[in-house]
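Since every read-out is calculated from the coordinates, none of them should be taken as a lab result. These numbers come from a predicted model, not from an experiment. Reconstructed Cβ throughout: ideal geometry from the backbone, glycine too, with neighbour counts over all protein chains shown.
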There are 2 protein chains.
Amino acid sequence: MPSYKLTYFDVRGLAEPSRLLFHLAGVPFEDNRIVFGDGTWERMKNSTPFGQMPVLNVDGFEIPQSMAIARFLAKKFGFAGKTPEEQAWVDAIVDQFKDFFGQFRQLIIAQRGGKSADEIEKITSEVVNPARETYFKALNKILEKNKSGFLVGDGITFADLVIAENLLSLKNFGFFDESKEPKLAALKKKVFNQPSLKEYLASRKESQI
Amino acid sequence: MPSYKLTYFDVRGLAEPSRLLFHLAGVPFEDNRIVFGDGTWERMKNSTPFGQMPVLNVDGFEIPQSMAIARFLAKKFGFAGKTPEEQAWVDAIVDQFKDFFGQFRQLIIAQRGGKSADEIEKITSEVVNPARETYFKALNKILEKNKSGFLVGDGITFADLVIAENLLSLKNFGFFDESKEPKLAALKKKVFNQPSLKEYLASRKESQI
């Protein structure tokens, strides 16, 4: 079996779907967590492929970009969709998440950059809320059609992991009210109730994002 | 052979890498272009999977999201990377484009929304220019290592198409000076000089994006 090392900050964030894939598949990996603010990241940044994390190292071969890593692992472990059509839908959902997250990120950057309450309110109402509406509408439409309770086909895929993790973050930020989104809440519950994830989820380090 | 119909606005935009894949592979498809502003899109929007374009229809089966469509076609036609590792790098580059484009999009939205020159200048200097620096740096690093002149492996992949198309758009917007980025300019030229694309490129409808 190859030797896997996944390097990211010490939060769930964009690496967590890949961490969950390892646990789902029962494949051991080195969960290399970089503490934010102690200078380690600044020292290693230029040696990473894109100057960003996460990075997956597979027997010395490096892969950047969170969703490329997750797709690579999902294909290896059997969670990328069973047919080319299922795989395309898994990819489409993951890209829908990426589109949403690119807009949600504006809010995180504004909050962390100490922007005024007015500016944050403007980003929330003009950017994040409309983006969330589009995103939730697309996800609900899929879950109405797909009777398995998962997003694609009859089993769990990395799209389910990506969305469930994002819903948890949105809940932490006050942007996901489970009582108002029963289908999305059921998906999140179904993912986090996977028997192979239970032990990890019970002991993992929680973070807002 | 399946019957393919690709529906998008009457511009290059996010559908063009998929259009190029059809031409590269010599596979016929219906290039269904929706004229902006005549009400057609508004009427059909709710019947699309995500309320967005492009949408690929394959024998009645619909796939949304531009890069999911491109990956689906690239896998079918042999332009997705030759090994799992090459595929992961193709995906990583495409996601790097998506991250950049999500930020560049803020400028397009501001310009089209009639924002003030000050606001546009602020987005340019605070968002687009730093994002472009990260993006070009990542691409240059790849092209320094990969001696084929393509981004991944020894042949053209859909990552090359996505990046070449985006470079053309950036040039149209004044954000890509070919004389200052010789490696990126060479990649763009190499892609647009592919013999199987020549005829289409000579006759296609140009657009700013």
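What the table shows:
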{"read-out": "Debye log10 I(q)/I(0) at q = 0.18, 0.21, 0.23 Å⁻¹ for region A:68-151, Cα point scatterers", "value": "-0.84, -0.97, -1.05"}
{"read-out": "Distances in nm from residue A:173 to the matching label points in the other copies, shortest first (labels 7 Å along Cα to Cβ)", "value": "2.2"}
{"read-out": "Cα-derived Rg over Rh, computed across the protein assembly as shown with Rh taken as Kirkwood radius", "value": "0.94"}
{"read-out": "Which of A:109, B:93, A:34 has the fewest Cβ neighbours within 10 Å, and the rest in rising order", "value": "A:109, A:34, B:93"}
{"read-out": "Cβ-based exposure ranking for A:4, B:8, in which fewest neighbours within 10 Å come first", "value": "A:4, B:8"}
{"read-out": "Taking N as its residue count, the alpha carbon Rg of region B:1-125 over 2.2 N^0.38 Å", "value": "1.21"}
{"read-out": "Whole-Hz couplings from phi, Karplus 6.51/-1.76/1.60, listed for region B:39-52; x for Gly and Pro", "value": "x, 4, 4, 4, 6, 9, 3, 5, 8, 7, x, 10, x, 9"}
{"read-out": "Cα-based reach from residue A:198 at 18 Å (exclusive), listing aspartates and glutamates while leaving out same-chain residues under 8 positions away", "value": "A:16, A:31, A:160, A:165, A:206"}
{"read-out": "Chain B pair-distance distribution - Cα-Cα, 10 Å bins, rounded %", "value": "8, 33, 37, 19, 3, 0"}
{"read-out": "Longest site-free stretch - chain A; sites: trypsin sites (Lys or Arg not before Pro), DSSP loop, at most 12 other Cβ within 10 Å", "value": "A:1-146"}
{"read-out": "nm² value of the averaged projected area, convex hull over the Cα atoms of region A:118-209", "value": "6.6"}
{"read-out": "Rg/Rh ratio calculated on Cα atoms of region B:4-78 (Kirkwood radius)", "value": "0.95"}
{"read-out": "Order of A:7, A:134, B:83, B:157 - criterion: other Cβ atoms within 10 Å of each residue's Cβ, fewest first", "value": "B:83, A:134, A:7, B:157"}
{"read-out": "Inter-copy separations for residue A:202, label at 7 Å along Cα-Cβ, nm, ascending", "value": "6.9"}
{"read-out": "Test item: Cα-centred dipole of chain B, Lys/Arg +1 and Asp/Glu -1 on Cβ, debye", "value": "300"}
{"read-out": "Nearest-to-axis residue of chain B, judged by beta-carbon position, where the axis maps B onto A, in Å", "value": "B:102, 2"}
{"read-out": "Under Karplus coefficients 6.51, -1.76 and 1.60, residue-wise ³J(HN,Hα) of region A:125-130 in Hz, glycine/proline x", "value": "7, 8, 10, 5, 4, x"}
{"read-out": "Furthest towards positive pole of dipole, B:89, B:26, B:47, structure part region B:1-99, Cβ charges", "value": "B:26"}
